[in-house]
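A.B. asks: Below is one structure. I have some questions about it.
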Amino acid sequence: MIAICPFCRARHDIPDPAPASGLTCASCHRRFAARRQPVTVTAEAMPGVMRIERPHGVFDRPVVVARPAPALAATAETALRPEPGEELEPPVPPEPDAAAERAAQAALSAIRRQIAAAPATPPLAASQGHATRRIGVMLSKGGVGKTTTAVNLAAALAQAGKRTLVIDADTQGQAAYALGVAPSCGLAELVEGTAGPDEALFPARDSLWLLAGGKALAGLKRLITRKDFGGERTLAEALAPLDARFDLVVVDCAPGWDALSVNVLFYVGELLVPVALEAMSLQGFSEFLQSFAAVSRYRPQLRLSYIVPTFLDKRVRGPAALHEELATLYPDTLCPPIRYNAKLSEAPAAGQTIFEYAPRSPGARDYASLAARVAQG
């Protein structure tokens, strides 16, 4: 049996009968409910197919429409296939419940306390000559769009003529997948000394290079932790010679907090934090601020330069209200939000950036705006 996710329209082969507890999309990782409904194409009934519905109520506009098949041999998949070029509006997500709203407010209260306790930020030192900007895309919470943001931000900067390097500091190695490339070596080999810069730097697009991550980074973490002293500067020392080659370096960090995350904080000079507008992401942001404050005592030049709200859907009251709260707390560092757009979930599967996959989509416009903001410094 075939089910289609109402959020990103990914198809899934599911057992018959479908789980009563609902389904989780393997592409966008959102849960949705489903009920079985037969689709009739002629006098004879076809086998049952799944009609996908929003968890709380029916869509104002159906996402899946059963169309009569031209022959008796039509399948359920053919009946559910949208018209070519049809752009379906995403369903309205449910409003957060009272528990989620209380958790979000608690996280915002913790963020306010950390802002009040933070020391004054020292002024930026004037740059002399060519200075490569190093930007870390980081948050300890997963699923907030870090890799999507890092790849598409770097692609937009490269299109603007900036020599840009993407460093994948995640053992999942999703940056290479999102760009549709398969480097033979990357960050781990460069830092360990088994590959030189010319071997490790992979030209992914015009003016865009990739220093790939992957499972080999697990060995690099062990190398860092075994050092008696100076382990936190391992990455900075190994990557410093690359500065002359690039205008900007964008580091895609893994979720969580480990030796490699600390190394990234001792390497980059600016931080860009994607924050999904929901309670768990705000809690992760609050925890990240504590870690950021601890490292800032040893690296006062480290800046929290950009906060990027992600998955914004203004049709839902809860995320829009959280966005207004963040705008009040961070009036200077909050960037224009990245709106929810299914094309952003589909593009990595095609090995393309959002500008290649859907250049006229809201996601492409939002990341182009973010790149313009970052390019201004």
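A.B. asks: Could you tell me the extents of region 211-334's C-alpha atoms along the three principal axes, largest first, rounded to whole Å?
C.D. replies: Cα spread of region 211-334 along its principal axes, largest to smallest: 50, 29, 28 Å.
A.B. asks: A follow-up question, please. Using a 1.4 angstrom probe on heavy atoms only, work out the carbon and sulfur share of the accessible area of region 196-270 in %.
C.D. replies: Taking all protein chains in place, region 196-270 shows 54 percent carbon and sulfur surface.
A.B. asks: At a 1.4 Å probe, what is the % contribution of carbon and sulfur to the accessible area of region 317-377?
C.D. replies: Reported share for carbon and sulfur atoms: 52 percent.
A.B. asks: Could you tell me the ratio Rg/Rh of region 273-366? Both radii from Cα atoms, Rh via Kirkwood.
C.D. replies: Rg/Rh: 1.04.
A.B. asks: Moving to a separate point now. Of the listed peptides 148-155, 109-116, 137-144, 331-338, what is their order by residue-averaged count of other C-beta atoms within 10 Å, with the highest listed first?
C.D. replies: Listed from highest to lowest mean packing, they are 148-155, 137-144, 331-338, 109-116.
A.B. asks: Any chance you could check the Cα centroid distance between region 289-321 and region 345-364 for me, in angstrom?
C.D. replies: 25
A.B. asks: If the limit is 23 Å between Cα atoms, which of Lys221/Lys343; Lys162/Lys314; Lys162/Lys343; Lys141/Lys162; Lys314/Lys343; Lys162/Lys215 go over it?
C.D. replies: Violating the 23 Å Cα-Cα cut-off are Lys221/Lys343; Lys162/Lys314; Lys162/Lys343; Lys141/Lys162; Lys162/Lys215.
A.B. asks: Here's something else I'd like to know. In whole Hz, with x marking every Gly and Pro, tabulate ³J(HN,Hα) for region 206-215 from phi via Karplus 6.51 cos²θ - 1.76 cosθ + 1.60, θ = phi - 60°.
C.D. replies: 4, 6, 10, 10, 10, 10, 6, x, x, 5
The values are calculated or read from the model by the stated rules, or taken from the named source; none is laboratory data. For clarity, every value in this text was computed on a predicted model and none was experimentally measured. Heads up, the Cβs are rebuilt from the backbone with ideal geometry, glycines too, and the neighbour counts pull from every protein chain shown. Protein only, heavy atoms only, side chains kept; ligands, DNA and RNA dropped before computing areas. Shrake-Rupley method; radii C 1.70, N 1.55, O 1.52, S 1.80 Å.
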